[in-house]
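The values are calculated or read from the model by the stated rules, or taken from the named source; none is laboratory data. Computed from a prediction, not measured in an experiment: that's the story for all the values here. Note that each Cβ is placed from the backbone with ideal geometry, even for glycine, and that neighbours are counted across all protein chains shown.
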Amino acid sequence: MSLALPVVAAVALDRALGEPRRWHPLVGFGRYAARIERMLYGNGASRSRGALAVLIAILPFVLLASATALLPYGFLFDVLVLYLALGWRSLDEHARAVGAALASGDIAEARRRVGRMVSRDTAGMMPSEASKATVESVLENGNDAVFGALFWFMVAGAPGVVAYRLANTLDAMWGYKNARYRQFGWAAARLDDLLNFTPARLTALSYAAFGRTGQALACWRRQAPAWDSPNAGPVMAAGAGALNLALGGHARYEGVAQQRPSLGRGSEATPPDIERALSLVRHSLLLWLVVIVAWEGLHA
């Protein structure tokens, strides 16, 4: 069965429709995962309980996705699952809303919109900080919401993309290094790191191909190891280098100022750079589609 056809169909659906406004399966999965957390967290937030929570949360849906391969119209299920896993149009919409608010001088609205994309504090952000946060989110979520899903669909079909997207969701819920989740969320964070290892590096290469390639690769090599996340580091360093932007640095999380490692090289981010970052994701996606279709054509 062709995998290129459902990939193209799902990307087209995402572009035409965007994410479902109501009843998104990932929202429902988040509620399901929260119930599992309440059931298993107990008085001791151990790694073993966290690993069991991840298994209970993900395995039934992966098995269900595997079973659909036996259905007469399993192809349609593949398209639907991949469409629901993608977030290309949503990423565009959120980022452009920030850019539009900044362009109109409405910094309060820009801060509110940035708050929908990032976990850092947005109150008091200056326009350059809002631009930087948005560009960073676009680069990182290009991998999480687009390329990672495509990679795992090509590797393992619907079960692969289900496992990837649910692991990504659990990491967003439990993968924090704070008192509550340092132990309980360890398994979710490590699984997400594992599943993102290869697609993140392919994403970084894609970003490098559509900007200042040499600088992007140099930033990836020198700066990514200093970043907390082993996968966000290469993606964001290569993207920043490709765009000739200086990212990283100062940010506030839960009221605490942090000085993050530098990413990229060049000027500070400005509102027009948000569109440049979106263009980098768009061109990279086109490259992936061309490669996927060509690869399957050669092996038909």
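With respect to Arg15, is the statement that it is closer than 19 Å to Tyr83 by Cβ, of a type in the set (Lys, Arg) and without any contact (Cβ under 8 Å) to a residue 60 or more places away in the chain true?
In short, no.
Would you call Ala204 under 27 Å from Thr169 (Cβ atoms), surrounded by 15 or more Cβ atoms within 10 Å (Cβ to Cβ) and out of contact with any Phe, Trp or Tyr (no Cβ under 7 Å at 6 or more places or on another chain)? Reasoning before the result, please.
Numbers: under 27 Å from Thr169 (Cβ atoms): yes; surrounded by 15 or more Cβ atoms within 10 Å (Cβ to Cβ): yes; out of contact with any Phe, Trp or Tyr (no Cβ under 7 Å at 6 or more places or on another chain): no.
Answer is no for this residue.
When the residues of region 93-127 are narrowed to those that are farther than 23 Å from Pro20 by Cβ, at pLDDT 95 or above and of a type in the set (D, E, K, R), which ends up surrounded by the most Cβ atoms within 10 Å (Cβ to Cβ)?
Out of the qualifying residues, it is Arg111.
Determine if region 220-234 includes at least one residue that is charged (D, E, K, R), touching a Ser or Thr at 6+ places or on another chain (Cβ under 8 Å) and either part of a helix (DSSP H, G or I) or closer than 23 Å to Leu285 by Cα (or both). Don't jump to the end; show me each part of the working.
Initial filter on region 220-234 (charged (D, E, K, R)): 221-222, 228.
Add one more test, that the residue is touching a Ser or Thr at 6+ places or on another chain (Cβ under 8 Å), and what stays is none.
Looking for residues that are charged (D, E, K, R), touching a Ser or Thr at 6+ places or on another chain (Cβ under 8 Å) and either part of a helix (DSSP H, G or I) or closer than 23 Å to Leu285 by Cα (or both), one finds none in region 220-234, hence no.
Test each condition in (1) touching a Gly at 6+ places or on another chain (Cβ under 6 Å); (2) part of a helix (DSSP H, G or I); (3) in contact (Cβ under 8 Å) with a residue 24 or more places away in the chain for Leu287 and report the one that comes out false.
(1)
Given (1) within 20 Å of Ala172 (Cα to Cα); (2) under 21 Å from the mean Cα position of the chain (by Cα); (3) of a type in the set (D, E, K, R), where does Arg38 come up short, assuming only one miss?
Checking Arg38 against (1) within 20 Å of Ala172 (Cα to Cα); (2) under 21 Å from the mean Cα position of the chain (by Cα); (3) of a type in the set (D, E, K, R), the one that fails is (2).
Being in contact (Cβ under 8 Å) with a residue 12 or more places away in the chain and farther than 30 Å from Gly42 by Cβ: is that true of Ala167 here?
Working: in contact (Cβ under 8 Å) with a residue 12 or more places away in the chain: yes; farther than 30 Å from Gly42 by Cβ: no.
Answer is no for this residue.
Only one of Ala156, Ala149 is in a helix (DSSP H, G or I) and either in contact with a helix residue (DSSP H, G or I) (Cβ under 6 Å, 6 or more places away or on another chain) or among the aromatic types (Phe, Trp, Tyr) (or both). Can you tell me which?
Ala149
State whether one or more residues within region 189-205 are at pLDDT below 95, under 28 Å from Glu93 (Cβ atoms) and among the basic types (Lys, Arg). Talk me through it step by step, then tell me what you get.
Step one: filter region 189-205 for residues at pLDDT below 95, giving none.
No, that holds for no residue.
Could you tell me which of the residues Ala237, Ala232, Ala277 is within 19 Å of Asp144 (Cα to Cα), touching a Cys at 6+ places or on another chain (Cβ under 7 Å) and hydrophobic (A, V, I, L, M, F, W, C)? Working first, answer last.
Numbers: Ala232 fails: touching a Cys at 6+ places or on another chain (Cβ under 7 Å); Ala277 fails: touching a Cys at 6+ places or on another chain (Cβ under 7 Å).
The match here is Ala237.
Just to check your reading of the model, which residue among Ala257, Ala224 is among the hydrophobic types (A, V, I, L, M, F, W, C) and over 21 Å from the mean Cα position of the chain (by Cα)? Can you show your working first?
Details: Ala224 fails: over 21 Å from the mean Cα position of the chain (by Cα).
Every option except Ala257 fails the conditions.
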